[in-house]
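The values are calculated or read from the model by the stated rules, or taken from the named source; none is laboratory data. For clarity, every value in this text was computed on a predicted model and none was experimentally measured. As a convention, Cβ positions derive from the backbone with ideal geometry for all residues, glycine included, and neighbour counts pool all protein chains shown.
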Amino acid sequence: MATRTGRSDTAPWSSRTYAAPTEPLERLVEMKVARGLPVTVCLPALNEEATIGPICEGIAGLVGAGLVDALNVVVDAATTDRTAQIAARAGATVYSSDDLLTHVPRGNGGKGDVLWRSLSVAREGVIVWIDADISSFDPSFVSGLLAPLLSDPEIHLVKGFYRRDEPEGEEPQNRRPSGGGRLTELVARPLLSLFYPELAGIVQPLAGETAGLTDSLKRLPFFTGYGVEMGLLIDVADRFGVGSIAQVDLIRRRHRPRDLVALGRASHQILEVVLRRLEDAGRIKLDEEPERTLIQFAPDKLETISTFDPVEERPPLLSIPGQA
Ligand SMILES: Nc1nc2c(ncn2[C@@H]2O[C@H](COP(=O)(O)OP(=O)(O)O)[C@@H](O)[C@H]2O)c(=O)[nH]1
Ligand SMILES: [Mg+2]
């Protein structure tokens, strides 16, 4: 096995990789005003009562400071806990995705569908998506994501990256800033390296902490479910160039881990997104549609679990009547 460090493919990323921001908030507010880009922060949330409160309170502070213009939380009917009430009390405007773009059926839209619908109620300017299950949220996640976008007009999309929690007592020199979750290391990174090496310098390709220009995002299709992040990376790079994507160091982040069965389902969706885009680009030819039912096995039993949760592609929002 040959291992090298510092692959040349990832070299261009050094100029588009930002350190945790040090600018005072007032400077970011000035840049936002100068560019005429109101900021909407949006949290997709499915039963996140344990974590939604502190996240919304932190962002409400940024509303007070004038950096954030709107704080939206998007739940749906499957959210049965107190997420909506807690978010509203902390100052968020709460939407149900069931009430947005109602003429487009939601199906099993999951996260990607919620992000797509959330764009329809974002102010024209910049949208910042933050996962609502983060237990280590800091308002600097938002200012960090905004800094490259507001300071460089070439940038259309910013991804956050972070270190995963290290075992107690780990020596600083052993810390791996790029350590991703299982889905990142086993699925996303190998796929990017194989087929999109120009995107392999993205440290956390599946990070939910993402900011983008609403006008650009509305020109792109969105994949439903957990395929949404990978689809956006491929499509933003294709449409606006790899140089339109930046990433920023958000230092550290903790969220709810998912079990292997759930990760298998997300992996199936991510793989389908990449296969589809490869086929769209004429880079592979599939003789027939991929099988869209995932077969898994119940733990400790030879019993199959079939999941039919195929990814769908939502059209660019600007193509929807009334959204232009
Ligand atoms: N409203 C809504 N939010 C969702 C849905 N699926 C995921 N989310 C939210 O999207 C964010 C990321 O989801 P999560 O399951 O943590 O993904 P992971 O971090 O990739 O494991 C969390 O805030 C979820 O609550 C959904 O179907 N509806
Ligand atoms: Mg999560």
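Values for this structure:
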read-out: Condition check for Ile59: of a type in the set (A, V, I, L, M), away from ligand 1 (no atom under 11 Å from the Cβ) and in contact with a strand residue (DSSP E or B) (Cβ under 8 Å, 6 or more places away or on another chain); value: yes
read-out: Residue among Arg253, Arg292, Arg265 that is within 25 Å of Ile134 (Cβ to Cβ) and modelled with pLDDT under 95; value: Arg253
read-out: When residues of the stretch 115-135 are limited to those that are away from ligand 2 (no atom under 16 Å from the Cβ) and part of a strand (DSSP E or B), the one nearest to Gly53 (Cα to Cα); value: Val128
read-out: Those helices (runs of 4 or more DSSP H) lying entirely in the stretch 2-95 with at least 2 residues of a type in the set (Lys, Arg); value: 25-35
read-out: Total residues in the stretch 102-118, condition away from ligand 1 (no atom under 14 Å from the Cβ) and touching a residue at least 40 places away in the same chain (Cβ under 8 Å); value: 1
read-out: Pair list, Cβ under 8 Å, 6 or more apart: the stretch 185-199 residue of a type in the set (Asp, Glu), other residue surrounded by fewer than 21 Cβ atoms within 10 Å (Cβ to Cβ) and at pLDDT below 95; value: Glu185/Gly179; Glu198/Asp9; Glu198/Pro12
read-out: Subset tally (residues that are touching a Ser or Thr at 6+ places or on another chain (Cβ under 7 Å) and surrounded by 23 or more Cβ atoms within 10 Å (Cβ to Cβ)) for the stretch 205-232; value: 1
read-out: Tally of residues being within 15 Å of ligand 2 (Cβ to nearest atom) and hydroxyl-bearing (Ser, Thr, Tyr) across the stretch 226-261; value: 1
read-out: Matching residues in the stretch 307-324 - criterion: being of a type in the set (Gly, Ala, Ser) and either modelled with pLDDT of 95 or more or in contact with a helix residue (DSSP H, G or I) (Cβ under 7 Å, 6 or more places away or on another chain) (or both); value: Ser319, Ala324
read-out: Qualifying residue in the stretch 15-30 (condition: hydrophobic (A, V, I, L, M, F, W, C), within 20 Å of Thr210 (Cα to Cα), in contact with a strand residue (DSSP E or B) (Cβ under 6 Å, 6 or more places away or on another chain) and at pLDDT below 95); value: yes
read-out: Residues that are at pLDDT 95 or above, of a type in the set (Ser, Thr, Tyr) and in contact with a Lys or Arg (Cβ under 8 Å, 6 or more places away or on another chain), drawn from the stretch 96-135; value: Ser97
read-out: Test set (1) modelled with pLDDT of 95 or more; (2) more than 13 Å from ligand 1 (Cβ to nearest atom) - Thr210 fails condition number; value: (2)
read-out: Pairs with Cβ under 7 Å, 6+ apart, first in the stretch 243-270 and of a type in the set (Asp, Glu), second within 16 Å of ligand 2 (Cβ to nearest atom); value: Asp249/Phe161
